[in-house]
Amino acid sequence: MSDPWSLYNDKVMEHFKNPRNVGEIEDPDGVGHVGNPVCGDVMELYIKVNDGIIVDAKFKTFGCAAAIATSSMVTEMVKGKSIEEALKISNKAVVEALDGLPPAKVHCSVMAEEALKAAIEDYLEHQKLKRQI
Amino acid sequence: MRRIYLDHAATTPTHPEVVKAMLPFFTDAFGNPSSIHSYGQEAKGAVEEARTKVAELIGARSEEIVFTSGGTEADNYALKGVAYANEHKGNHIITTSIEHNAVMEVCKFLERREFGITYLPVDKYGLVDPDDARKAITDKTILISVMHANNEVGTIEPVEEIGRIAREAGVYFHTDAVQTVGHIPVNVAELKVDLLSISAHKLYGPKGAGALYIRKGTRLVSFMHGGAQEKRRRAGTENVPAVVGLGKAVELAGQEIGKEAERLAYLRDKLIKGLGEKIDHIRLNGHPRKRLPNNVNVSVDFVEGESLLLNLDLEGICASTGSACSSASLEPSHVLLALGLPAEQAHGSLRFTLGRENTEADVERVLGVLPGIVARLRAMSPLLKTRK
């Protein structure tokens, strides 16, 4: 039987069912907050940075299965990466890591990229302030 | 895992007796009702028998029933048919802000073609105020179209009162009764309608069949031009098996209408009550009493509908949502927004529509499974924290 949900492949469904890295980091080095509840998607991404390396990432997401799966995947992808490497993670890379998303859901992966960039910018902003002090 | 189907407002399984009634018309009795020979006669007879059954269920005369391909065609025919036959009288149509797209989109189409459309507002329960309809009538008004019951939130509209107003004003009145025919009593004389849309697959009939009731004397242009079928109103060889299926479905619905509505209303109320007890920050959408016997529509705060639906589906429970994420348009339900729901609550809406095969055990299963799903999704929701 085909139903609309078969649009999601097994990998997306696996991340939707068992999302990795759900939650908040208590003392994060950077937080990215993107989306709007009015649009039906809100993503919060937390990172912990040690010596320029992202050692931990967590998320909280309000949204559809694609939003949850991309949040889960992007947090998996950034862990262990340097800030420079993490900034290069595109939404396309997240979609590829999930073996693809339905066309109507690709915007969810854009949100994942934006959340990551926002978290890194937040981290860099704090670093700059620290240096000024 | 046994699947539990709770989406009967979307479609219903075809009743086995309906399938049985349809089957001969694919094979042995395959004739074209327009043919003179015996094959044609038996097909013609079957179509006319179905017409009588549909007419009987809604208190109409059989010559007032035109078969269509479904509810959407019936709605299109009613609105365009009246609009283009009565342009000389006026170009104003009144409808509501919560109509099904089969009416809404036709109104938008007509709006782009020099018709003026008034979209009546609804209150927080989804009810239209008949007085608003009265006030909206101008000397250019040719048609009022108000759905009998809303497909999303289940609110039953004061169609009878609006019918009286329309008739006094000499304005045609159409109702989309796709969600009510076969489920609650529908009588065209009581409702004072000139046009009424019916769909077979919402009442355990087949997809691809419907009907439009056209009160004798109503002026509307033909919907399909071609052969002389349906008194030239809707040309094209009749979909005989589907029409026979519609006939059988309305016959069966008529036999059990009160009893089944009562049974479903009991299950509905049990589900509504249970959800309210087991889940906090949840609210009922639609009217608490003026409501279809099988409709439960709730908004669950802080979570998104597609995620809820998909998690329920993994548990074998099939429901529906008004969330944008489940629609191609990426916009939340226009019905929920018209009720005044904030967009985030529209995104968190969940609709369960009960039917013939559902039991109390199905309701208990939903009540057993949904609280856990909501808790899990809320644990990953950034919205909950901001409300603390």
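Values in this text are rule-based calculations from the coordinates and carry no lab data. Nothing here was measured: the structure is a model prediction, and the numbers come from that model. Here Cβ is always computed from backbone atoms with ideal geometry, including for glycine, and neighbour counts include all displayed protein chains.
Taking other Cβ atoms within 10 Å as a rough exposure proxy, B:His225, B:His174 sort from fewest to most as B:His225, B:His174. Packing here is the average count of other Cβ atoms within 10 Å per residue, and on that basis the peptides B:90-99, B:184-193, B:24-33, highest first, run B:90-99, B:184-193, B:24-33.
For the range A:73-133, take N as its residue count and report Rg(C-alpha) divided by 2.2 N^0.38 Å. List each step's numbers first, then the result.
Values: Rg = 13.5 Å, N = 61, 2.2 N^0.38 = 10.5 Å.
The reported ratio for this selection is 1.29.
Shielding of peptide B:11-24 by partners, expressed as the average count of other chain Cβ atoms within 10 Å per residue Cβ, is 0. Quick one: pull the percentage of alpha-carbon pairs in chain A with a separation above 22 Å. Percent of Cα pairs beyond 22 Å in chain A: 33. Neighbours of B:Asn311 by Cβ distance under 9 Å: Lys/Arg scored +1, Asp/Glu scored -1, total 0. For B:Ala85 and A:Glu121, the FRET efficiency from 1/(1 + (r/R0)^6), where r spans their Cβ atoms and R0 equals 51 Å, is about 0.25. Would you mind getting me the FRET efficiency between B:Tyr266 and B:Lys216? Use the beta-carbon distance for r and R0 = 56 Å, nearest 0.05. So, using R0 = 56 Å, E works out to roughly 0.90.
Neighbouring Cβ atoms from other chains, within 10 Å of the Cβ of residues in A:65-71, number 3 on average.
Distance from the C-alpha centroid of the range B:304-319 to that of the range A:58-88: 24 Å, rounded to the whole angstrom. Using every pair of distinct Cα positions in the range B:169-286, the Kirkwood expression returns a hydrodynamic radius of 16.9 angstrom.
Cross-linked pairs B:Lys202/B:Lys270; B:Lys202/B:Lys290; B:Lys44/B:Lys108; B:Lys89/B:Lys124; B:Lys44/B:Lys207: Cα-Cα separations exceed 26 Å for B:Lys44/B:Lys108; B:Lys89/B:Lys124.
Averaging over all projection directions, the Cα-based convex hull of the range B:218-314 occupies 11.1 nm² in the image plane.
Structure remark: mean-square fluctuation, Gaussian network model of chain B, C-alpha springs under 10 Å; the largest value among B:Leu337, B:Leu267, B:Leu246 belongs to B:Leu337.
Derived from the Cα gyration tensor, the three semi-axes of the equivalent ellipsoid of the protein assembly as shown are 50, 25, 22 Å, largest first. For every other residue with a beta carbon closer than 12 angstrom to the beta carbon of B:Val82, add +1 if it is Lys or Arg and -1 if Asp or Glu, then tell me the sum. Counting the neighbours of B:Val82, the net charge comes to +1. Given in Å, the Rg to one decimal and the Dmax to the nearest whole number for the Cα atoms of the range B:35-162 are 17.5, 58. Remark: mean inter-chain Cβ contacts per residue of B:305-316 equal 4, using a 10 Å Cβ-Cβ cutoff to other protein chain atoms. From least to most packed, judged by other beta carbons within 10 angstrom and beginning with the fewest, B:Arg233, B:Arg283 follow the order B:Arg283, B:Arg233. For A:Thr70, A:Thr61, B:Thr72, the sequence from fewest to most other C-beta atoms within 10 Å is B:Thr72, A:Thr61, A:Thr70. Projecting label points 7 angstrom from Cα along Cα→Cβ for B:Arg167 and B:Glu105 puts them 3.3 nm apart.
I'd like the distance between the alpha-carbon centres of the range B:48-100 and the range B:165-238, rounded to an integer number of Å. Comparing the Cα centres of the range B:48-100 and the range B:165-238, I get a distance of 3 Å. Dividing the Cα radius of gyration of chain B by 2.2 N^0.38 Å, with N the residue count, gives 1.02. With the helix formula -39500 (n - 2.57) applied to DSSP H stretches of n ≥ 4, chain B reaches a computed 222 nm mean residue ellipticity of -13000 deg cm²/dmol. At an R0 of 60 angstrom, the distance between the Cβ atoms of B:Ala379 and B:His225 translates into a FRET efficiency of 0.50.
Using the empirical formula 2.2 N^0.38 Å as the baseline, the Cα radius of gyration of the range B:118-169 reaches a ratio of 1.11.
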